[in-house]
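In what follows, a structure is listed as structure tokens, so that the remarks can point back to it.
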Ligand code: XIL
């Protein structure tokens with residue numbers, strides 16, 4: 001079975017996975033990634049983040065990011081789409097960015113950074129997550145160095161710099177808890193929509209919104225809720241995508257049971273089903289363009305190390321065995 005192949009037949013542009021560099025030398029991992037044709041798109045998990053590209057100002061390290069980009073070119077089933085991630089985020093910053101800058105200096109820093117990334121990968125990125133997670137759970141703008149120097153303008157500025165530097169990439173705003181108002185205590189969705197309208201009113205070029213979809217089993221919004229939120233965002237942008245899907249058990253109770261995995265499978269079905277469903281409402285036009293999982297195997301999921309006591313969030317288990325979530329998603333296609 002091949003998720004990407006059937007996702008394409010069901011009207012998506014790709015079914016993809018995120019990948020981090022240490023995995024590229026693991027044969028078993030690579031045989032699923034490349035050998036089976038399950039994935040038609042890759043996203044680097046960490047390689048393109050600012051601190052990995054330019055830890056020292058003006059000194060660029062492209063090795064890891066290029067390794068992921070080259071992996072997207074190789075492999076069974078031909079070239080994979082590359083979703084590039086991410087230009088401007090409040091985390092993953094080198095320490096030299098984490099200080100106070102004037103507006104003018106921050107504009108220079110952002111211009112250089114965005115141009116370097118966009119030019120280096122020009123022609124290779126289907127999409128760029130230009131700005132990632134600018135708004136917190138309460139709907140408040142995160143006090144990043146960029147925000148402190150430029151206020152909300154840093155967002156428009158970043159999108160327009162990216163648009164000039166790589167006019168062919170789709171430019172995305174990417175965030176979590178956008179899937180339903182039930183997922184955040186504050187008005188995150190309405191604040192995000194207002195931000196997108198402001199950016200557009202300021203002449204900003206923004207094509208898409210990425211729904212990260214880091215979710216918890218049993219707390220996943222219904223397909224209809226997700227469709228309705230996607231429709232709201234599609235009034236502001238041309239397309240949406242599921243960009244970092246994983247659905248963790250929270251808390252994770254071991255040993256895991258078949259019932260836990262079945263509940264997770266139903267939740268995966270709601271999210272991927274929403275992406276398929278939303279496309280039906282636009283005269284056959286593709287509006288939710290694709291789904292990316294934030295790695296495919298529990299063996300390498302970011303969850304247990306960064307969100308302790310939670311986990312088993314992926315479609316393949318620790319031993320690369322496909323879980324019920326895999327079959328539920330495949331059956332949707
Ligand atoms: C995470 C990675 O998975 C971790 O390896 C890293 O330590 C921190 O970042 N939202 C995002 C991703 O946009 O970039 C984050 O990735 C997960 C949350």
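Is it the case that some residue within the range 161-177 is under 27 Å from residue 267 (Cα atoms), surrounded by fewer than 18 Cβ atoms within 10 Å (Cβ to Cβ) and either at pLDDT below 95 or more than 16 Å from the ligand (Cβ to nearest atom) (or both)?
No, every residue in the range 161-177 fails to be under 27 Å from residue 267 (Cα atoms), surrounded by fewer than 18 Cβ atoms within 10 Å (Cβ to Cβ) and either at pLDDT below 95 or more than 16 Å from the ligand (Cβ to nearest atom) (or both).
If only one of 137, 105 is away from the ligand (no atom under 16 Å from the Cβ) and either modelled with pLDDT of 95 or more or touching a strand residue (DSSP E or B) at 6+ places or on another chain (Cβ under 6 Å) (or both), which one is it? Walk me through how you get there before you give the answer.
Working: 137 fails: away from the ligand (no atom under 16 Å from the Cβ).
The unique qualifying residue is 105.
Would you confirm whether any residue within the range 270-284 is away from the ligand (no atom under 16 Å from the Cβ), out of contact with any strand residue (DSSP E or B) (no Cβ under 8 Å at 6 or more places or on another chain), more than 23 Å from residue 221 (Cβ to Cβ) and part of a loop (DSSP other than H, G, I, E, B)?
Yes.
Do the conditions hold for residue 313, that is, is it in contact with a helix residue (DSSP H, G or I) (Cβ under 6 Å, 6 or more places away or on another chain) and either within 16 Å of the ligand (Cβ to nearest atom) or modelled with pLDDT of 95 or more (or both)? Steps first, answer last, please.
Details: in contact with a helix residue (DSSP H, G or I) (Cβ under 6 Å, 6 or more places away or on another chain): yes; either within 16 Å of the ligand (Cβ to nearest atom) or modelled with pLDDT of 95 or more (or both): yes.
Answer is yes for this residue.
Is one or more of the residues making up the range 184-194 part of a helix (DSSP H, G or I), within 16 Å of the ligand (Cβ to nearest atom) and over 20 Å from residue 277 (Cα atoms)?
Yes, there is a match, as at least one residue in the range 184-194 is part of a helix (DSSP H, G or I), within 16 Å of the ligand (Cβ to nearest atom) and over 20 Å from residue 277 (Cα atoms).
Looking for something within 29 Å of residue 96 (Cα to Cα) and assigned to a strand (DSSP E or B) - is there at least one such residue anywhere in the range 134-153?
For the range 134-153, residues within 29 Å of residue 96 (Cα to Cα) and assigned to a strand (DSSP E or B): present.
Look through 219, 193 and report the one residue that is in contact with a helix residue (DSSP H, G or I) (Cβ under 9 Å, 6 or more places away or on another chain) and touching a residue at least 40 places away in the same chain (Cβ under 8 Å).
193
Keeping to the range 23-66, report how many residues are under 20 Å from residue 319 (Cβ atoms) and free of Cβ contacts under 8 Å to residues at least 12 places away in the same chain. Please lay out each step first, then the result.
To start, the set of residues in the range 23-66 that are under 20 Å from residue 319 (Cβ atoms) comprises 23-36, 38-39.
Filter once more, keeping what is free of Cβ contacts under 8 Å to residues at least 12 places away in the same chain: 25-27, 30-31.
Here the count works out to 5.
Within the range 52-65, can you find the residues that are surrounded by fewer than 16 Cβ atoms within 10 Å (Cβ to Cβ) and either more than 16 Å from the ligand (Cβ to nearest atom) or part of a helix (DSSP H, G or I) (or both)?
Taking the range 52-65 first, the residues surrounded by fewer than 16 Cβ atoms within 10 Å (Cβ to Cβ) are 55-61, 63.
56, 57, 58, 59, 60, 61, 63, listed by residue number.
Which one is farthest from the ligand (Cβ to nearest atom) among residues in the range 70-93 that are assigned to a helix (DSSP H, G or I) and farther than 20 Å from residue 241 by Cα?
To start, the set of residues in the range 70-93 that are assigned to a helix (DSSP H, G or I) comprises 70-73.
Then keep just the ones that are farther than 20 Å from residue 241 by Cα; that gives 70-71, 73.
Values: 70: 20, 71: 17, 73: 22 Å.
Of everything passing the filter in the range 70-93, 73 is farthest from the ligand (Cβ to nearest atom).
Name every residue in the range 14-36 that is more than 16 Å from the ligand (Cβ to nearest atom) and surrounded by fewer than 20 Cβ atoms within 10 Å (Cβ to Cβ), in order of residue number.
25, 27, 28, 30, 31, 32, 34, 35, 36
The values are calculated or read from the model by the stated rules, or taken from the named source; none is laboratory data. Predicted model, so just to flag it, every value in this text is computed and none were measured. Ideal geometry is used to build each Cβ from the backbone, glycine not excepted, and the neighbour counts take in all protein chains shown.
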